[in-house]
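Undergrad: Pasting in a structure now, in structure tokens, and then I'll have a few things to ask.
Read the figures in this text as sums done on the coordinates, not as results from a lab. Because the structure is predicted, anything quoted here is derived from the model rather than measured. Quick reminder, even Gly has a Cβ in these numbers, built from the backbone with ideal geometry, and neighbours come from all protein chains shown.
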Amino acid sequence: MRFLNSKLKIENTILQNIAKKYGTPAYCYSYKQLRENINDFKKNFKSISPLICFAIKSNTNLNLIKEIKKFGLGADVVSMGELMLALKAGISPKKIVFSGVGKTSKEINFAIDKNILLINSESKSEIIEIDKIAKIKKKQVNIGIRLNPNTDPKTLSQISTGKKDNKFGVNDKTFFELVRYCKNSKNINLKCLSVHIGSQILDHKPYEKMLRILDKIIKKTQYKFDFIDLGGGMGIPYNNDKKLNYKKYHSAIKKFLKNKKSQIIFEPGRSIIGNTGVLISKVIYIKESYKKNFVILDAAMNDLMRPALYGAVHRILPLLKRGKKSKKIYEFVGPICESTDKFTSIKNFQELKEKDFIAICDVGAYGISLSSNYNLRPKPIEILINGSKIRVVKKRQKHHEII
Ligand SMILES: *Cc1c(COP(=O)(O)O)cnc(C)c1O
């Protein structure tokens, strides 16, 4: 994404033209950025030949997942719906892992019938349930156990998952007990140790610490895991921060693997899709206030929930650049009846007029997948841009579909 002659473009496509033709709010994704992210990820971890399972929950657009599948990626799913979507996109069941803290017996039945690679389980009760269902089906089911390594990922507290207070995974004591349980079960094959300590992790050190803990636990169990699933969580720069250093993470994993034959599984979501998308929106009104002006957009928290949900900050850019700066702070808000329906406040933004267009950046991950129909607002259109080729990958919802 860049400005050319003051016009914001994705590849060869001027976003202002998209806004006028397809209306707003609209999610626009860059195919080239997606390809670059996947190739970059693969290149950095090439020496350990990992299985890369895209975390479907970060973006649930079927057509985008079909594109991701073409690069050979598998899928990490967290519900029956996501599993069905991954299969519909043509992803091989042998590249699908099913994560999550509470799978229902219906979901477990479905996953077993589809012969997916792994069900990653996070509690004794769920493993007993899997065992029971597998026995009825007279099948052997491959599972992983998710460990809670009690490692602080140094990210937003709302998206931290690997500390002992978090609901995710099992502690070391339960882990050892469950390894014994699986060894004694005829219907469960314990294949994997999994972890996922959080999301938007920018510092490689929490990962290094996590690997040291895994190493100790594996030594203690003396169990040979075919797979070590390290989860996702690799962070991207939203503002001025630096993205996670893949090279350092890679060398820590190489060191960790020295005395092991396990294959690594990754479950990246954000790092694959996050920076591929923008949400374009129109300024409906500008409302003057004491210290700041409210820029009221036609996009709202139902379209992009991260700011309201986690206090996440996304950059905002105008689609047409003009020289003159606003003297007042702009607070970008949506029309929804909630005070948390605001995106961000910006000082020294260019002076905006009503009917101008803006882009909210880096919304490819946890954008459309977290969207809702709150206030009975239809979900936005989604568009994939490849050079000057424009493809609608999901139509805008119509009112009659939600009423
Ligand atoms: C959410 C999630 C991921 C993906 O996280 P990102 O930060 O998007 O990479 C991977 N694995 C599990 C188990 C998850 O819950």
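Undergrad: Sort 400, 314 so that the residue with the fewest other Cβ atoms within 10 Å of its own Cβ comes first and the one with the most comes last.
TA: Ranked by crowding around the Cβ, least crowded first: 400, 314.
Undergrad: Shifting gears a bit: Arrange 96, 112 by Cβ neighbour counts within 10 Å, fewest through most, would you? Present the calculation step by step, with values, prior to reporting the outcome.
TA: Details: 96 24, 112 21.
So the ranking, lowest neighbour count to highest, is 112, 96.
Undergrad: Another one. Taking the Cα centre of region 275-403 as the origin and placing charges on Cβ (Lys, Arg +1; Asp, Glu -1), which of 333, 345, 319 is farthest toward the positive end of the dipole?
TA: 319
Undergrad: At a Förster distance of 41 Å, what's the computed FRET efficiency of residue 2 paired with residue 373, Cβ-Cβ distance as r, to 0.05?
TA: 0.75
Undergrad: A further question follows. Using the 2.2 N^0.38 Å rule of thumb for compact globular proteins, work out how the chain stacks up: its C-alpha Rg over that value, please.
TA: Relative to the 2.2 N^0.38 Å estimate, the chain comes out at 1.05.
Undergrad: Could you give each residue of region 312-317 its phi-based ³J(HN,Hα) in whole Hz, using Karplus coefficients 6.51, -1.76, 1.60 with θ = phi - 60°, and x for Gly or Pro?
TA: Per residue, the Karplus-derived 3J(HN,Hα) values read 6, 10, 10, 5, 10, 10 Hz.
Undergrad: Which of the residue pairs 287/379; 138/186; 242/325; 103/124 have a Cα-Cα distance greater than 19 Å in the structure shown?
TA: From the list (287/379; 138/186; 242/325; 103/124), the Cα-Cα distance tops 19 Å for 287/379; 242/325.
Undergrad: With +1 on each Lys and Arg Cβ and -1 on each Asp and Glu Cβ, and nothing else charged, work out how big the dipole of region 247-403 is about its Cα centre, in Debye to the nearest 20.
TA: Once rounded to the nearest 20, the dipole reads 900 debye.
Undergrad: Now for a different question. Count the net charge of all other residues whose Cβ sits under 11 Å from the Cβ of residue 392, scoring Lys and Arg as +1 and Asp and Glu as -1.
TA: So the environment of residue 392 carries a net charge of +4.
Undergrad: Each label point is 7 Å from the Cα along the Cα-to-Cβ direction; what then is the distance between the points at residue 260 and residue 163, in nm?
TA: 2.5 nm
Undergrad: Neighbouring Cβ atoms within 10 Å as the yardstick, rank 192, 361 fewest first.
TA: On the way: 192 24, 361 19.
Exposure proxy ranking, most exposed first: 361, 192.
Undergrad: Under 10 Å, Cα contacts only: if you run a Gaussian network model on the chain, which one of 151, 174, 276 comes out with the highest mean-square fluctuation?
TA: 174
Undergrad: Also, I was wondering about something else. Of all beta bridges DSSP finds with both residues in the chain, what is the antiparallel percent, to the nearest 5?
TA: On the way: 33 of 70 bridges.
Approximately 45 percent, going by the DSSP bridge assignments.
Undergrad: Another question, then. Subtract the Cα-Cα distance of residue 176 and residue 287 from 0.36 nm times their separation in residues, and report this length gain in nm to one decimal. Write out the running numbers ahead of the final one.
TA: On the way: separation 111, 0.36 × 111 = 39.96 nm, distance 5.99 nm.
In short, 34.0 nm is gained.
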